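Heads up: the structure comes next, in structure tokens.
The values are calculated or read from the model by the stated rules, or taken from the named source; none is laboratory data. Since the structure is predicted, the reported quantities are computational estimates derived from the model, not experimental observations. Note that each Cβ is placed from the backbone with ideal geometry, even for glycine, and that neighbours are counted across all protein chains shown. Note: accessible area is taken over every heavy atom of the protein model, side chains too, but ligands, DNA and RNA are not part of it. Shrake-Rupley method; radii C 1.70, N 1.55, O 1.52, S 1.80 Å.
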Amino acid sequence: YLGTSILTDSDSFQDVVVKIERPTYHKPFLGGFKNRITGVEFHNAGSQTVPKKRPDKGIKLFCRETQTVFQKNKPQQAKNTTSTQMTKIGLYVSNVTDKLISPGKYLTAEEYHKRRLEAVIVLQTYFRRWHAINVVQNLREEKRLRLAWEAQEELRRKKEKEEKLRRDHERRLNPKTKEDFELLYHALELWRQEETERINRTLTGAERKAAFCGLLEQEAQLIASIGRHKLNADEENQQKAILDFLKKCAQPKRWKAYDGKITEMDTQYTLRARELLEIYRSISMNDIPKDERIDVLLTLRRTVKEHECKLTREIVELIDREVDLMSRAVKECNLEGLRKRICTLFFQYIKTPKFNPEVARILKVPPDPLKLYKNVSFCHSCKNYLPPTEFPVPANSCTTGRCRLCCKVDNEARRREAFLKYKLILENLRKSETDYQDDAKIVFLVQHQDLQYMIENIWGCQSAVSACSDLYDLVMVRWDKQREWSPWNTILLTKDEADAHLKLCNLKKAYEAAFIHRIKHKHIRAKHYFAQIPAMTSFLHRSDNQANAN
């Protein structure tokens, strides 16, 4: 606040308080003048109130860029000024270093573009030559690698064939399994047919009858030789089967956890079975020292003495007899029969659920005979009652028929066929279907007799693509890999062809229409054959529904 006096009348003054407001903004200069003597500036009158602000329209109306001129200075170097000097009166300039320049030929635009085109063609020529050389080198390298791969594959196939022939030869020389004896009988039948054909073609009358008698005698001798091999193989296989049976009893309990780990647990019954397995191995060993043999027999005696019955008393009696004979220095060869009796009786002891409870879940004949009444079938050939697992039931069979043993004996006596090839194809097929993990079921209903019918009568024992007839190299795979395997969704191919077939995504683009029609026709024949099977009916309907949905 500021106090000041103002003149009210001619002679009187009045004090007035003047309120001064300091402006919050810079007062604009609206013009004025300056006293040149005193230096005092006098401004024109102006408003002391804050001017009204113009409303913001959102558009920039005034800016410095539009009201200000920007200047830019850039220095440049001027060209150097030169001069020439010519010969004139009073001045001589040497022309030794002068050059005579004559004007060249004028180049038109068409000639210029033509010359550039020719140059471009030359560049393209050399570039294409370089590119062609690289392509040819790459093709040559790919051809070399392909030929090397084909040679390696050919060598591998040759080695596999030689190995197969060697295995077949070894099987025929030293047969051990049922499949080996099937091959022997099949070879015998082929030999008999060849000899019969030769005799019928070359001989007649009495000579023919005599040749047939000699052929029958040779066949009988070969069958007897095969029988001797079978007895030796049965003896070896029996001991191996006994050890496998005991190992199965002694295995710990196993189950798979949610994380995929396998957990094992031993119970008192599995420990008991393992103890009996070790004792049986010990008493079955030959060529062991006398002291160790006596220790094993005493261990066996203490084990069987835990239970008192007729069987254990007989085992104890035989053990005492062997110990007594060993103390009298009896030869080892004279104790073989006694030791076999001990092993046989002890194995009978192990198979008794009373003495070995773990064996009850493995025995084919359960201890309780009442369980067999609803789970037994009658073989009309050998007149025996057997469990259903002893009967081969083809997919088109309505009854159980003959047991496996009767079928084997009939095959050896009459047809003498070898089913090993079909069993291998079925085994590979089931393994491949298990790898899909899509709950396949039909493949486990089909038996090797059904597969044999399909291969021989529907597929003609040859590959659908290359017509390869080597059954050892053929496999069955899915025709449409998105659907479950079935006799009406399959194709017979070689192993290499099957690998290539399963990599295809669109069958219609990969194969011709005629080939697809031929495969579909085979599928219809298989569906017609297997449609008579009651167990296959549900799968047929489900397959039709899937096809309609697709």
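Between A206 and E110, how many nm apart are label points set 7 Å from Cα along the C-beta direction?
Result for the modelled spin labels: 11.5 nm.
Once neighbouring chains are kept in place and the probe is 1.4 Å, which whole percent of the accessible area of the chain is contributed by carbon and sulfur?
The computed percentage sits at 54.
Give me log10 I(q)/I(0) at q = 0.11, 0.13, 0.21 Å⁻¹ for segment 262-363, Debye formula, one equal scatterer per alpha-carbon, no solvent.
Debye output, listed in q order: -0.36, -0.49, -1.10.
How far is helix 268-284 tilted off the main Cα axis of the chain, in degrees rounded to 10, range 0 to 90?
60 degrees
With 19 Å as the cut-off, how large is the P(r) tail for segment 178-249, expressed as percent of Cα-Cα pairs?
Beyond 19 Å sits 53 percent of the P(r) for segment 178-249.
Pairs to check: K230/K364; K159/K421; K178/K527. Give those whose C-alpha atoms are more than 26 Å from each other in this structure.
In this structure, K178/K527 lie more than 26 Å apart at Cα.
For the chain, what relative contact order do you get, as a whole percent, if you take Cα pairs closer than 8 Å and at least 6 residues apart?
7 percent
Going highest first, how would you order 84-91, 162-169, 303-310, 522-529 by mean Cβ packing within 10 Å?
The most tightly packed comes first, giving 522-529, 303-310, 162-169, 84-91.
Per residue, how much accessible area does the chain have with a 1.4 Å probe, in Å²?
76 Å²
Just to confirm the number: angle between the C-alpha axis of helix 420-436 and the first principal axis of the chain, 0 to 90 degrees, nearest 10?
Result, in degrees: 30.
Helix 336-350 versus the longest principal axis of the chain: what is the Cα-based angle in degrees, 0 to 90, to the nearest 10?
60 degrees
Using a simple charge model, +1 on the beta-carbon of Lys and Arg, -1 on the beta-carbon of Asp and Glu, nothing else, what dipole does the chain show about its Cα centre, in debye to the nearest 20?
The calculated dipole for the chain is roughly 2020 debye.
Based on Cβ point charges of +1 for Lys and Arg and -1 for Asp and Glu, what charge dipole magnitude is obtained for segment 262-363 about its Cα centre, in debye rounded to the nearest 20?
The dipole magnitude comes to about 360 debye.
What three numbers, in Å, describe the spread of the alpha carbons of the chain along their principal axes, ordered from the longest?
So the three principal-axis extents are 169, 101, 63 Å.
Just name one of T270, L145, W459: the one whose Cα is farthest towards the positive end of the charge dipole of the chain (beta-carbon charges, Lys/Arg +1, Asp/Glu -1).
The one lying farthest along the dipole's positive direction is L145.
Place +1 on the Cβ of every Lys and Arg and -1 on the Cβ of every Asp and Glu in the chain, take the dipole about the Cα centre, and give the residue among G337, F391, W255 whose Cα lies farthest towards its positive end.
Of the listed residues, the answer is W255.
To the nearest 0.05, how large is the calculated FRET efficiency for E194 and L325 if R₀ is 51 Å and r is the Cβ-Cβ distance?
It comes out at approximately 0.40.
Which net charge results for the neighbourhood of L335, defined as the other residues with beta-carbon distances under 13 angstrom from its beta-carbon, given Lys and Arg at +1 and Asp and Glu at -1?
With Lys, Arg at +1 and Asp, Glu at -1, the neighbours total +3.
If the chain between H169 and V393 were fully stretched, how many nm would it gain, using 0.36 nm times the residue separation less the Cα-Cα distance?
Working it through step by step, the gained length comes to 77.5 nm.
So which lysines pass the test for K256, namely a Cα distance under 19 Å, with those fewer than 8 places away in the same chain ruled out?
Candidates past the 8-residue exclusion: K248.
Would you mind calculating the gained length between N384 and V120 on full extension (0.36 nm times residue separation, minus the Cα-Cα distance), in nm to one decimal?
85.4 nm
Considering only A500, N232, T312, whose Cα is most displaced toward the positive end of the charge dipole of the chain, charges sitting on Cβ of Lys, Arg (+1) and Asp, Glu (-1)?
So the residue we want is A500.
Where the convex hull is taken over the Cα atoms of segment 420-548, what is its projected area averaged over directions, in nm²?
7.5 nm²
Go ahead and run the numbers for FRET between I101 and T81, Cβ-Cβ distance against an R0 of 35 Å, rounding to 0.05.
0.95
Nearest 500 deg cm²/dmol is fine: what mean residue ellipticity at 222 nm does the chain get from its DSSP H runs of n ≥ 4 alone, each adding -39,500 (n - 2.57), divided by its residue count?
Calculated from helices alone, the mean residue ellipticity at 222 nm is -17500 deg cm²/dmol.
When the dipole is taken about the Cα centre of segment 379-531, and only Lys, Arg (+1) and Asp, Glu (-1) are charged at their Cβ, what size is it in debye, to the nearest 20?
Dipole size: approximately 400 debye.
When the chain is fully extended, how far beyond the present Cα-Cα distance does I133 get from Q348, taking 0.36 nm per residue of separation?
Full-extension gain reported as 69.3 nm.
For the pair A500/L147, report the inter-label distance in nm, with labels modelled 7 Å from Cα in the Cβ direction.
For the pair A500/L147, the computed spacing is 2.1 nm.
Between I37 and K290, how many nm apart are label points set 7 Å from Cα along the C-beta direction?
16.3 nm
If Lys and Arg each add +1 and Asp and Glu each add -1, what is the summed charge of the other residues whose beta carbon sits under 12 Å from the beta carbon of R281?
My count for the surroundings of R281 gives 0.
In a shell of Cβ-Cβ distance under 14 Å around T263, excluding T263 itself, what net charge do Lys and Arg (+1) and Asp and Glu (-1) give?
That works out to +1.
What FRET efficiency comes out for the pair K431/I362, r = Cβ-Cβ distance, R0 = 41 Å, nearest 0.05?
It comes out at approximately 0.95.
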